[in-house]
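Visitor: Please read through the structure below; I'll follow up with questions.
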Amino acid sequence: MRRFLVVAALLGSAVVPALGAQTGMSITIGADGSTDLQRHVVVYDCEVGDPITVQYINAAPNFLAILPVPDQTEPLVMAAVLSASGVRYAAGQYVWSTKGVDATLIDITEGEDVDPINTCSEVDNTP
């Protein structure tokens, strides 16, 4: 099995302003030689707080999102789960849903129809 090292170096407030502290994390994902590994970094402007940076790691059949979550000391690694439309990522009590350029974060312990903790839109840096 060929191994890929995915390093999510999340340092300082420029990358993870919601955390406010320096944080480092490394993740090793095992994938065989037939799997392409893709890393996509997206910055979102959110209704609550500063912009956040989300890393999407795709190594089929694994699709992950790494993002800061309020009240968590470390960014969460979320796995893609079944969704009617768009993509839903889940870790613990949190669900990050994306559809097009929009995304929401919810705490499912508050109920399925609860208002999102945060609503975000992808930053378009195209000149």
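Visitor: Got at least one residue in region 24-41 being acidic (Asp, Glu) and either modelled with pLDDT of 90 or more or closer than 15 Å to residue 96 by Cβ (or both)?
Guide: no
Visitor: Go through region 56-71 and give me each residue that's closer than 17 Å to residue 119 by Cα and surrounded by fewer than 20 Cβ atoms within 10 Å (Cβ to Cβ).
Guide: 70, 71
Visitor: I'm checking my understanding of the structure. Among residues of region 44-55 that are modelled with pLDDT of 95 or more and among the hydrophobic types (A, V, I, L, M, F, W, C), which one is surrounded by the most Cβ atoms within 10 Å (Cβ to Cβ)?
Guide: Once the filter is applied, the top-ranked residue is 52.
Visitor: I would also like to ask the following. Hey, among the residues in region 73-118 that are surrounded by 15 or more Cβ atoms within 10 Å (Cβ to Cβ) and touching an Asp or Glu at 6+ places or on another chain (Cβ under 7 Å), which one's nearest to residue 59 (Cα to Cα)?
Guide: Residue satisfying both the conditions and the ranking: 94.
The values are calculated or read from the model by the stated rules, or taken from the named source; none is laboratory data. Not measured: the values here are computed from a predicted model. In this analysis, Cβ positions are derived from the backbone assuming ideal geometry, glycine residues included, and neighbour counts consider all displayed protein chains.
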